[in-house]
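One structure below.
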Amino acid sequence: MAFEYLKSLAGGMDKNEILSELMLTYGEDVWNYAFFLTRQPMTADDITQDVFMKVYERLYSFRGEASIKTWLLTITRNTVRDQWRSAWFRRVVPSGVLKRDETVASAESQALSALVEEDVWKLVLELPTKLREVLLLHAHHQLSYVEIAELLGISVGTMKSRLSRARAKISQQLETEGRDTL
């Protein structure tokens, strides 16, 4: 859905209706991005809620300089950064390794595929934040180089360099483990 009404501020749609459509369309992307930055599902839930509260408050301040998705992911990133800076977060939230509580299907091929995918995502989560973030925005959210650079406030060249280093690290880790590269 093209959210042209946000750019032109055309009347006729209720703020609640617009927010509902944004949440349905981009809610999963916002949550996934928050999760990959924080590595904690409950924190990602809280951040997603905060993001959409901010969007509701500033709904008509969207200037259309970037896509809606880029705007939402920028708000998500800034919300995560604000939380990292808070004294409560530094004192109370433990930093630990994420453990998944998922079961795999009984079919052998599905089980092997799930194990490989889980191993790759574990490797991605172990990357430094700068590399992990660029890889996630490019591979999962499919943002363009320019959009990623704008979202992160870096040059396109720096973004390409980080993406290349992230891919190289993942490939190197997979080769070390004896698996095929990406």
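Backbone phi angles across segment 50-55, fed through the Karplus curve with coefficients 6.51, -1.76 and 1.60 (θ = phi - 60°), yield HN-Hα couplings of 4, 4, 6, 5, 5, 4 Hz in residue order; Gly and Pro are listed as x.
For the residue pairs Lys69/Lys130; Lys69/Lys169; Lys69/Lys160; Lys122/Lys169; Lys54/Lys130; Lys54/Lys122, the C-alpha atoms sit more than 23 angstrom apart in Lys69/Lys169; Lys54/Lys130; Lys54/Lys122. Each of the peptides 149-156, 72-79 was scored by the mean count of other Cβ atoms within 10 Å over its residues; in descending order, highest first, they stand as 72-79, 149-156.
Coordinate-derived values only; no laboratory data. Everything numeric in this text was worked out from a predicted model, so none of it was measured. All Cβ positions, even for glycine, are placed from backbone atoms using ideal geometry, and neighbour counts span all protein chains on display.
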